[in-house]
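Beneath this line is the structure, given in structure tokens, with notes to follow.
The values are calculated or read from the model by the stated rules, or taken from the named source; none is laboratory data. Predicted model, so just to flag it, every value in this text is computed and none were measured. Glycine also receives a Cβ, built like all others from the backbone with ideal geometry; neighbour counts cover every protein chain displayed. Surface areas here come from the heavy atoms of the whole protein model, side chains and all, with no ligands, DNA or RNA. Shrake-Rupley method; radii C 1.70, N 1.55, O 1.52, S 1.80 Å.
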Amino acid sequence: MTSLDEWRAGSDSFEWRGASIFCRTAGTGEPLLLVHGFPTASWDWAAVWPQLAAQHRVLALDMIGFGLSAKPRRFDYSIMAQADLFEAFLARERVTRYRVLAHDYGNSVAQELLARDRGAIVSVCFLNGGLFPEAHRALPMQRLLASPLGPLVARFASCKTFAASMRRIWGTHPLPDAELRTMWELASRDGGLALMPKLLGYMAERRRHRARWVGALVEAKVPRRLIDGLVDPVSGAYLVARYRELVREPDVVELPDVGHYPQVEAPDEVAAAALAFFAG
């Protein structure tokens, strides 16, 4: 396991809309943009980072409001804003054509990037996440945090309640305590818990922008692959079934004993499936 200190050691930062953004790049070759999920950060990619960086120039950041990036209270958190941030990051890195590997919340960001695309995106690989609002089954804690009670619920969140939610979405292999503590640190640091109700506005955004985002996925001219942990109660087998219904000639890799975090739970399988796809 890569510690958070080790992850920081190879990092950089830049300023965007007055906020400090944590970012990381490595490798050479064709650019590969990694887009993390909620409620963690780019550290989620640590276990697959070496394999990906051996074949690609990999680029990742912690989205605003997440992980080691700034978490301003007065910011209009939205998928649209996060897509703006990634476009600024790509411009900073002088990337004009790239591939995408996205997870969870990051799937919606990738769908928005697809909706905006004018030939820069080469291909997209999705992991578990709410590609289709109707196939997303939010956890009870997520629904509470996204409700009017969200600010109150966030005040009483703890590592214990966080751990309980994370273990509910994990696969058959136990979630190591060290990884759980790192995830909790990333989610809770710098007032992150208080922001969770705002960040969870993405669930309503997915419903509001369904036509745009699902349309961008279904009608995309670039190759797409879904790598999915099937035992995930949030976006596992339900997501795969819906993907097969809506996407023409669906390219799906199923991971039978894996939950919501395939890149953490089964890094070798995810890296192999993603790299084989990107090489095609």
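How large is the accessible surface per residue of the stretch 70-189, computed with a 1.4 Å probe and reported in Å² as a whole number?
45 Å²
Counting only protein heavy atoms, what percent of the accessible surface of the stretch 1-95 is carbon or sulfur at a 1.4 Å probe?
44 percent
When every alpha-carbon pair in the stretch 170-280 is counted, what percent end up more than 23 Å apart?
More than 23 Å apart: 44 percent of the Cα pairs in the stretch 170-280.
Would you work out the charge dipole size for the chain about its Cα centre, treating the Cβ of every Lys and Arg as +1 and the Cβ of every Asp and Glu as -1, and quote it to the nearest 20 debye?
Computed about the Cα centre, the dipole is about 980 debye.
With θ taken as phi - 60° and the coefficients 6.51, -1.76 and 1.60, list the Karplus ³J(HN,Hα) couplings across the stretch 117-124 in order, rounded to whole Hz; mark glycine and proline as x.
Once θ is set to phi - 60°, the couplings for the stretch 117-124 become 5, 10, x, 7, 7, 8, 6, 9 Hz.
Rg/Rh for the stretch 1-80: what does it come to with C-alpha atoms and Rh from Kirkwood?
Ratio of gyration radius to Kirkwood radius for the stretch 1-80: 0.97.
Three principal axis extents, largest first, for the C-alpha atoms of the stretch 208-273, in Å?
In descending order, the Cα extents are 31, 24, 18 Å.
Given GLY119, ALA273, MET203, which one lies farthest toward the positive end of the charge dipole of the chain, if we put +1 on the Cβ of every Lys and Arg and -1 on the Cβ of every Asp and Glu?
My answer, from the dipole projection, is MET203.
In a shell of Cβ-Cβ distance under 12 Å around LEU145, excluding LEU145 itself, what net charge do Lys and Arg (+1) and Asp and Glu (-1) give?
Values: positive: ARG143, ARG155, LYS198; negative: none.
Here the count lands on +3.
Rg/Rh for the chain: what does it come to with C-alpha atoms and Rh from Kirkwood?
Details: Rg = 17.1 Å, Rh = 18.6 Å.
Using only Cα positions, Rg/Rh for the chain is 0.92.
Can you send over the carbon and sulfur percentage of the accessible area for the stretch 140-280, probe radius 1.4 Å, protein chains only? Kindly include the intermediate steps, with their values, before the conclusion.
Numbers: 3900 of 6850 Å².
Summing carbon and sulfur atoms, their accessible area is 57 percent of the total for the stretch 140-280.
Taking only Cα atoms and a 10 Å spring cutoff, compute GNM fluctuations for the chain and point out the largest among ALA241, ALA102, ALA220.
Comparing ALA241, ALA102, ALA220 in a Gaussian network model of the chain, the most mobile one is ALA241.
Whole angstrom only: what separates the Cα centroid of the stretch 89-161 from the Cα centroid of the stretch 6-50?
15 Å
How large are Rg and Dmax for the stretch 124-204 when calculated on the C-alpha trace, in angstrom?
Just the Cα atoms of the stretch 124-204 yield Rg and Dmax of 13.4, 38 Å.
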